[in-house]
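Q: I'd like to ask some things about the structure below.
The values are calculated or read from the model by the stated rules, or taken from the named source; none is laboratory data. Everything numeric in this text was worked out from a predicted model, so none of it was measured. Note that each Cβ is placed from the backbone with ideal geometry, even for glycine, and that neighbours are counted across all protein chains shown. Note: areas computed on protein heavy atoms with side chains; ligands, DNA, RNA excluded. Shrake-Rupley method; radii C 1.70, N 1.55, O 1.52, S 1.80 Å.
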Amino acid sequence: MSELYKLDYESPIGVIEISGTNDAICSIMFAERDIKINNMQVQTPKVLAECFSQLDEYFKGDRREFTFPYILEGTIFQKNVWNALTGILYANTGSYKDIAVSIGNEKAIRAVGSANGRNKLSIVIPCHRIIGSNGKLTGYAGGLWRKEWLLQHERNFN
């Protein structure tokens, strides 16, 4: 296993902990703490610095897609769901059913919801863009208030 590095990004909606190796990002999660503890170091890999920079551009409204390398760790089904999520464009939304249909498994709506909740690459794999079929906000690991903020942020810069 490659060495894991961490770097914190202080976003408008809380500290985001970026984890990765020398080659790719493994996790981008809200840290649920008020202060940064993982600061840029001499040994911080370029890929973490690039992720940090791209997140900063996203929050400034200057970036809609992410281009740094990342690793999806999960089952084949979960990876299919996460890859389908990347098809929901900036400032748009979709439903669990939309994702289930897009991966060719229309009846797997609950399983899609479960996979969505296990996404470790917040914002980059845009699970915040999933809303209920009725148009209402549904669960978000980072909290519904963050989901609402992210959706409004994308609308503001669209």
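Q: Take the range 73-109 and flag every residue that is among the acidic types (Asp, Glu) and surrounded by 15 or more Cβ atoms within 10 Å (Cβ to Cβ). Even if it seems obvious, please write down each step before you answer.
A: Taking the range 73-109 as the starting set, the residues that turn out to be among the acidic types (Asp, Glu) are 73, 98, 106.
Within the range 73-109, Asp98 is the sole residue that qualifies.
Q: Okay, moving on. Do any residues in the range 1-28 that are farther than 20 Å from Glu57 by Cβ have Cβ atoms under 8 Å from those of residues that are small (Gly, Ala, Ser) and part of a loop (DSSP other than H, G, I, E, B), where the two are at least six apart or on different chains, and which pairs are they?
A: Going by the 8 Å Cβ cut-off, the qualifying pairs are Thr21/Ser2; Asn22/Ser2; Asp23/Ser2.
Q: Also: For the range 110-137, name all the residues that are crowded, with 17+ Cβ neighbours inside 10 Å and more than 25 Å from Cys26 (Cβ to Cβ).
A: Result: Ile131, single match.
Q: List every residue pair whose Cβ atoms lie under 9 Å apart, where the two residues are 6 or more positions apart in sequence or sit on different chains, the first residue falls within the range 97-126 and is within 13 Å of Tyr140 (Cα to Cα) and part of a loop (DSSP other than H, G, I, E, B), and the second residue, located anywhere, is open to solvent by 80 Å² or more (accessible area, probe 1.4 Å) and modelled with pLDDT under 95.
A: Every condition considered, the pairs that remain are Arg118/Ala141; Asn119/Ala141; Ser122/Ala141.
Q: What pairs come out if I take residues in the range 53-67 that are closer than 15 Å to Leu150 by Cβ and pair them with residues that are assigned to a helix (DSSP H, G or I) whose C-beta lies under 6 Å away, six or more apart or interchain?
A: Gly61/Phe157; Arg63/Gln54; Arg63/Glu57; Phe66/Gln54
Q: Next question, about the same structure. Report yes if Lys36 is surrounded by fewer than 17 Cβ atoms within 10 Å (Cβ to Cβ) and out of contact with any strand residue (DSSP E or B) (no Cβ under 6 Å at 6 or more places or on another chain), otherwise no. Please lay out each step first, then the result.
A: On the way: surrounded by fewer than 17 Cβ atoms within 10 Å (Cβ to Cβ): yes; out of contact with any strand residue (DSSP E or B) (no Cβ under 6 Å at 6 or more places or on another chain): no.
Spelling it out, it is not the case that Lys36 is surrounded by fewer than 17 Cβ atoms within 10 Å (Cβ to Cβ) and out of contact with any strand residue (DSSP E or B) (no Cβ under 6 Å at 6 or more places or on another chain).
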